[in-house]
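Nothing in this text is a laboratory measurement; each read-out follows from the coordinates by a stated rule. None of the values given here were measured: they were computed from a predicted structure. Here Cβ is always computed from backbone atoms with ideal geometry, including for glycine, and neighbour counts include all displayed protein chains.
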Amino acid sequence: MLTSDFDYDLPPELIAQTPAEPRNSSRLLVLDRATGSIQHRNFNQVLDYLRPGDVMVFNQSRVIPARIHGRRQGTGGRVQLLLLRRESSGLWQALGRPGRGLRPGSIIEVEASESPHTLLYESGAEATLPSNPGADEGLRVEVIASGEGGIKTVRLSSEEEILRLGEMPLPPYIHHRLEEPERYQTVYASETGSAAAPTAGLHFTQPLLDRLKDAGVELVFLTLHVGLDTFRPVEGEDPREHHIHTEYYELGEQAANTLNRARSGGRRIIAVGTTSVRVLEQVARRARPGDTNRLFASQGQADLFILPGYQFQVVDAIITNFHLPRSTLLMLVSAFAGREQVLAAYHEAIDQRYRFYSFGDAMLIE
């Protein structure tokens, strides 16, 4: 197994730059794992593939406005910070652009900036940032420590106020400004903490969720806070040597009980998004000795790297978007449905002009 086995060519114009309107108007490619057959539908028709008693599992994490603009105290140099993970109250891991000179003790005065969101990804140069719109007096970020990969530990003087001034951190392949930040949130997002959206859930509207419940489908919610490493390709040629990123997760007791009842009754568990898959399979691997068929409420760091050959213990079907080449997410989906079948479905989607990635169309793999 090589990383290049998970590569494919995607015409740039198929990378969705804006979300579908309305949410559930996106297209849906349905892949049958057993036969390899493909059907082309509208996402609003997903109910045609569900049955009473199915349990759908959603990630309720909410994206934080994690891009912060400011100036270095003393030099006036412009800085962008991207908050990655909350360590404790006011203490975060972050990336800084430009990173040079951001040493422990550096102070950044926060600005209420109106700059385009794409700048952090397309350039780290200070000249690309807009003129100073004025710092919010007293709002500061202090660099506490430097770590591997340019990651800084920073302290926010007022977490709530600084996040209020932040911008939504869209993925690097989206070059259009998002006019409505809520379109990069799921309608059920409630637990703040992600640096990127669990995008499979973006296709659901509240009326569609209500229709699911009316049809006898049970809805379960868990939390996994998505990190920006989700966009990072596997760089080495042997994916088994790749160091998978960890992400905080939480599965509540009520959700675990619902899942256990469904599993004991032979009902299907349908994961909405690869983040939900990771949590469910992570929790299953941490089952208590002598009770391996039950899921228990838990929280911690998800570090499960799912590659072809993995034996799924919980998930029976997946709703997911189309993923980047050479990514851990494409490898996860390939583990579930077979690499050749998945890539064949991707090539079919390209031929049919599906929209790819975060704001793109969806797959149902059953």
Gain upon complete extension [Thr205, Arg177; 0.36 nm per residue less C-alpha separation]: 7.8 nm
Cα gyration tensor category, rounded, prolate or oblate, for segment 292-366 with a/c compared to 1.5: prolate
Theoretical ellipticity at 222 nm over the chain - DSSP helices of four or more residues, -39500 (n - 2.57) apiece, nearest 500: -5000 deg cm²/dmol
For Met331, Met1, order by how many other beta-carbon atoms lie within 10 Å, fewest first: Met1, Met331
Principal axis box of the chain, alpha-carbon based, largest edge first, Å: 64, 48, 44
Distance (nanometres) between label positions extended 7 Å along Cα→Cβ at Gln73 and Ala145: 2.1
Length released on extending from Ala34 to Asp7, taking residue separation times 0.36 nm less the Cα-Cα span: 7.4 nm
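What list do you get for Leu47, Leu208, Leu332 if you sort them by fewest beta carbons within 10 Å?
The order, fewest Cβ neighbours first, is Leu47, Leu208, Leu332.
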Fraction of beta bridges assigned by DSSP in segment 236-366 that are antiparallel (%, nearest 5): 75
